[in-house]
Structures are given as structure tokens and as C-alpha cells.
1. When you take every Cα atom in the chain, what is the radius of gyration, and what is Dmax, the widest Cα pair distance, in Å?
2. Given +1 on the Cβ of Lys and Arg, -1 on the Cβ of Asp and Glu, and no further charges, what dipole in debye does the chain carry about its Cα centre, rounded to the nearest 20?
3. Round to a whole angstrom and tell me the spacing of the C-alpha centers of segment 122-179 and segment 4-83.
4. At a 10 Å Cβ-Cβ cut-off, how would you order His20, His49, fewest neighbours first?
5. Are there any helices in the chain, counted as whole DSSP H runs, that stretch 18 Å or more along their axis by Cα and score at least -1.0 on average by Kyte-Doolittle, and if so which?
6. Could you pull out which residues in segment 297-341 have an amide N less than 19 Å from a spot 7 Å beyond the Cα of Tyr195, following the Cα-Cβ vector?
7. Order of 390-401, 317-328 by packing, highest average Cβ count within 10 Å first?
8. Local charge sum around His54 (other residues, Cβ-Cβ under 14 Å, Lys/Arg +1, Asp/Glu -1)?
Amino acid sequence: MYTLMIALFVLGYAAIAFEHSIKIDKAASALITGVVLWAVYVLSGANLHDAEHHLLEHVSEIASILFFLLGAMTIVEVVDAHQGFSIITDRIKTDKTVVLLWILGWLTFFLSAVLDNLTTSIVMVSLIRKLVKDQHLRWTFGGIIIIAANAGGAWSPIGDVTTTMLWIGGYVSTGNLISYIFLPAVAVLLAPLIYLSFTMKGTFERPETIEHHGHHAVVSTAEKTRALIVGVGGLLFVPVFKTVTHLPPFMGMMLSLGVLWVVTDLMHRRKIESVRSELGILGVIRRIDTPSVLFFLGILLAVASLQTAGQLKDLATGLDSAFDTTTQTGVYLVGGIIGVLSAIVDNVPLVAAAMGMYDMVPGTYFAQDDFFWKFLAFTAGTGGSLLIIGSAAGVAVMGLEKIPFGWYLKKISALALIGYLAGIAVYAVQRWIIFG
């Protein structure tokens, strides 16, 4: 059972990776992989009651992510339907590819720290669709958005799920997290941006403005602005709501969606039915990319099965026994490898396994707010960029822009690796300067 589950996971992963070659949608492969792995786990003799209990626990966590994703995607679609993002894109006057690359990269980096990497990725994909006509160029921008969103999320307590886990658990504090991880996170983005600045030349072409169902005739500038402010304001409100109430982030997202729903209904209540149906939530929600949500569900179910069956725990234990974590070198190796592995399996169970393995013992590298936990927050947050399905941001961009797994592997993974190694180097130098 143990080995069979790993083999089936690898097979499902390969089906996702070669989606365009086998002509089977990645969502189908992910769903089949997720369900089959749980079936194998149960049929192999696991206690049915315990298995069901674990499954329902994981489903509750997965559902909170999916509801969050649905809410964010709907809010972004509503703002987009009202052409709210044109207020931002119209102010970006450049037609130089490299200039736009730097603008999008740093905008994503800082926005991700305030929102989170998943929400920011969805917003930024909507922006590049309004700015760039060429699909392959958009894919390159999408790759940078993934790297920037994960890097920006790593240095903020609310920017990435794993960073939030460590922060809420008391493993790292806000001040130390920002001061120690900010510069390494900057290096993660800066290295690929510098490289691309020498390889990408010329200008880009903007897409033509196409009028759909007379939207441009019925959406005033005031309505565009209102939709943008309420929509983006609602997204910014989510981490505030979480901090104040301690409720899961999807609750704040649902509240923001509800408020935007009321605002848009009131905004268009005197207009004809066809306009209301196109611009309101009920019309917009039909355009949500449901296959991407189902793909997310399948991937998370598959990883959850490996977590429940013990493969991920054994992986973390194996790393601990293979490297001497009483030395700085050992800690760097374990943290760095966990970051790379987070590009293959979800970083949440990997970090959860590490949190369960190591006690916060004063005087060691595992003390509260010490070396290992800050380094783990950095590597687990940024390592997922190495593969497109290694992070929530990557999965969202992949689904929205239909970026092939193989294309990302060829064009972006090396850039992400350069940034990842540069960030580790900056972290090491920074620690050496502080502690000698």
C-alpha cells in the first residue's frame, strides 16, 4: 500500500505534467489521483472510521481554501466586468517589455504581502490580460507573477499559508519574520528580473478593446471606480478580518463578496434585466474557471492522502536522520530541501510535519524565533515557484492562463531556481553578518 500510493501519485503527477501530450485535462487527472489514493489507503486495511475522520478533517481544510479561491475569483471577475482594472492599466503607459516586467514584478511582490499570494496572483493575471496581447509573453509575465507572489508572501505573516501557520503557532514573530526574510525575498525576485532584463527586448502589443453586450455604454467612470474600490478594498479587508476575529480567511472573503454583491445590485437596480444579469454577481459567477477549482481539489486530496498514510511524515523524519540539524549546515540542507520538495507536494503538510517533529528548545537552532523556523518560512514559501503546481499561486495562474506544465518547466523553473538559490545566499550572508 505504502509504495503503491507513492507510485500512483507519481503516475497522476506525470499525467498532469503531460496534459497537452495525452490530451487529458489536468483537472480530470488530479481528481482521479486524489480519489484513487484515498481508496487504496482504505482498501489496504486502514481503520475505516479513522480514515473517514482524517478525510473529513482534510476536506474541511481544503473546502476553506476552495471557498477562499472561489470568492477571490468572483470578486476579481466582478471588478473586471465593470472594467475597474482599466483605471490601473490606463495609467501604465509604457510599451517596453522589460519596463512592464519590472512594474508587474514589484507590484505583485508588495501586494502579495498585504493580501496573500493566491489572491494577488488572480488580480495580476486579470491585469496582464488587459495589457498584453501575445499569449506566450503573458505566460512569461505569469511566471514572474508566480515567483513574485510567493516571494512577497514569504516575508509577511499573512502573505502565505505556511508563514501564517508558523506565525500563529508562535514559531516566528512579525518583526523578526520581516527583518530576516525581506532581503532574501527581494533576491528571489531580483535575480530572475535582472536575467530577463538582458534576454527580453522590444515592445509589446496591447489587446484590442472589445465591447461585450454594450458594457462600455452602460458602465460609467464612477461605476468603474466604485467597483474597483469596493472589490480591491474587500480583498484588503480579508487579512484584517482574520486578525480581528481569528476566523478562517475564507469567512472574510465571503463577507467581502457579499458586500460587493449588495453594492453592485444597488448600482444597477434601475437598469434593464440584460445589463443586470451581465454585470451582477449571478452573471459573472458563470464565468468562473471551475476546472481550476476542481484541479485544486484533486491535488490537495492526493497530498492529504500521503499525509494521512504517513509518507510525508516519514519524508521529514528521513531528512532529519540524514542531516545533522545541530549544525548550521544541516539546518540549511534540511530547510533548503523542504523548499524544493514543496514544489512537488503541498508545502502545508511538509511544514506541519516539521512543526510536529521539532520542539522549540531554547538555546538551539529550533528555539522560538530562531534560525530554523525563519529559514523554513522562507524556503517553504518560495520553493513552490520551482514548479507551476508547487504553490497556490502557481495553480491559480496555470488554470487562468492555461500555462502548460512543460512550458513552465522549460522557461521559468530555471529562473525560479536562480532566485531561490540567490535568496538562500542572501539569507546566509545576512545571518553571518549578524552572528558572525
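1. In Å, with Rg to one decimal and Dmax whole: 21.9, 70.
2. My answer is approximately 1320 debye.
3. What the calculation gives is 22 Å, centre to centre.
4. Values: His20 13, His49 8.
Ordered from fewest to most neighbouring Cβ atoms within 10 Å, His20, His49 come out as His49, His20.
5. 2-17, 26-43, 48-81, 97-114, 117-131, 135-154, 174-199, 221-245, 249-267, 290-309, 328-341, 413-435
6. 336-337, 339-341
7. Result, highest mean Cβ count within 10 Å first: 390-401, 317-328.
8. Combined, the nearby Lys, Arg, Asp and Glu give -3.
Bear in mind that the values in this text are calculations on the coordinates, not laboratory data. Just so it is clear, the structure is predicted and the values come from calculations on it, not from any experiment. Note that we place each Cβ from the backbone using ideal geometry, even for glycine, and neighbour counts take in every protein chain shown.
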